[in-house]
Structures are given as structure tokens and as C-alpha cells.
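The values are calculated or read from the model by the stated rules, or taken from the named source; none is laboratory data. Note that the coordinates shown come from a computational prediction; the quantities given were computed from them, not determined experimentally. Glycine also receives a Cβ, built like all others from the backbone with ideal geometry; neighbour counts cover every protein chain displayed. These accessible areas exclude ligands, DNA and RNA; they are computed on the full protein's heavy atoms, side chains included. Shrake-Rupley method; radii C 1.70, N 1.55, O 1.52, S 1.80 Å.
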Amino acid sequence: FKALSVLTLGLFGARCGWLQHEGGHNSLTGKIWVDKRIQRAFIGFGLGSCGSMWNSMHEKHHTTPQKINYDMDLDTVPLVAFFDTAIEKNRARSHSKWWMRFQAYTFLPVTSGLFVMLFWLFYLHPRKVLREKSWEQGLWMLS
């Protein structure tokens, strides 16, 4: 039963992620306000995150995908160096040489699986809800 539960939860999260992604791109119903409501429900209830924070981050990513210093998905030092000059371009940030040396082994279980998710779920997304006073989104996240 445990494997079936994990599989079901994974499929549920993937479907919630897809629906909220399409809602964030306004490509579900043809009505922006409906798409945004669907996005808020599925990202909040299904993934415990904030739709407007996702939109903000994702729009910046789409504006300049894979462009160093512009795509915030690449701005990940000190946790991960995604490109060969990431450390040199981020000298002002402290980082661990040991951590960077072993990032290939720590990325999925620790960095992506623990640090990033915890940072998003317990700091970044709730902060966005509080700043925008988006109480509906906050309720979806808490449900």
C-alpha cells in the first residue's frame, strides 16, 4: 500500500502542477479570471504554494530563459552552480567549495528535494501572500 500511496501522491502532484501551470499561462478556459482561480486552487491545495509567486518567477524565466544574470532559475549560488562561471559571477555570495564539488550527488535529494522546496513552501510563497494580502490564496495553501 505504501508504494501505491506514493505513486498516487506523485500523480496528484504532477496533475496539480500541470493544471496550475496552464492556468498561470491563461490557457485553460479562454477566460483569464477563471484560469487564475483554477491556478490558485490547484497550486494552493495541491502543492501548498502561491499562484502569484509562481507567476512572478515563471514570467521572469520565460522572458529570458537560460540567460545568465537574467533567468532567476539559474541564480542559485550558493546552493547550486548551474553553469561553469556561476561562482565567478557571484563572488559577493559566500559558498562552500566542498558543497559545490559534491553538488552532482546532493542536488536531487538535498538541494532540490529539501532546501528549495522548504524555502519555497515556508518562506517565499507565504511571504508573497502576506505582502499582497491574498487571503484566498493563503486559505488554499493552508487547506
Output the relative contact order of segment 1-71, whole-number percent, from Cα pairs under 8 angstrom with separation of 6+ residues. 23
Mind listing the phi-derived Karplus ³J(HN,Hα) values for segment 104-111, rounded to whole Hz, using 6.51, -1.76 and 1.60 with θ = phi - 60°, and x for any glycine or proline? 4, 8, 9, 4, 5, x, 9, 5
For Rg and Dmax of the Cα atoms in Å, several values are listed as (i) 15.1, 47; (ii) 17.0, 50; (iii) 15.3, 51; flag the one computed from this structure. (ii)
Tilt, helix 2-24 to longest principal axis of the chain (alpha-carbon atoms), in degrees rounded to tens, equals 80
Relative contact order for segment 24-143: what is it in percent, counting Cα pairs under 8 Å that are at least 6 residues apart? 33
How many Å² of accessible area per residue for the chain, probe 1.4 Å? 68
Excluding ligands, DNA and RNA, the carbon-plus-sulfur percentage of the accessible area of the chain with a 1.4 Å probe reads 66
Report the dimensions of segment 63-119 along its three principal axes from the alpha-carbon atoms, largest first, rounded to Å. 28, 23, 18
Sites K2 and F119 - FRET efficiency at Förster radius 30 Å, r taken between beta-carbons, to 0.05: 0.60
Lysine pairs in the chain 8 or more apart or on different chains: how many have alpha carbons under 26 angstrom apart? 13
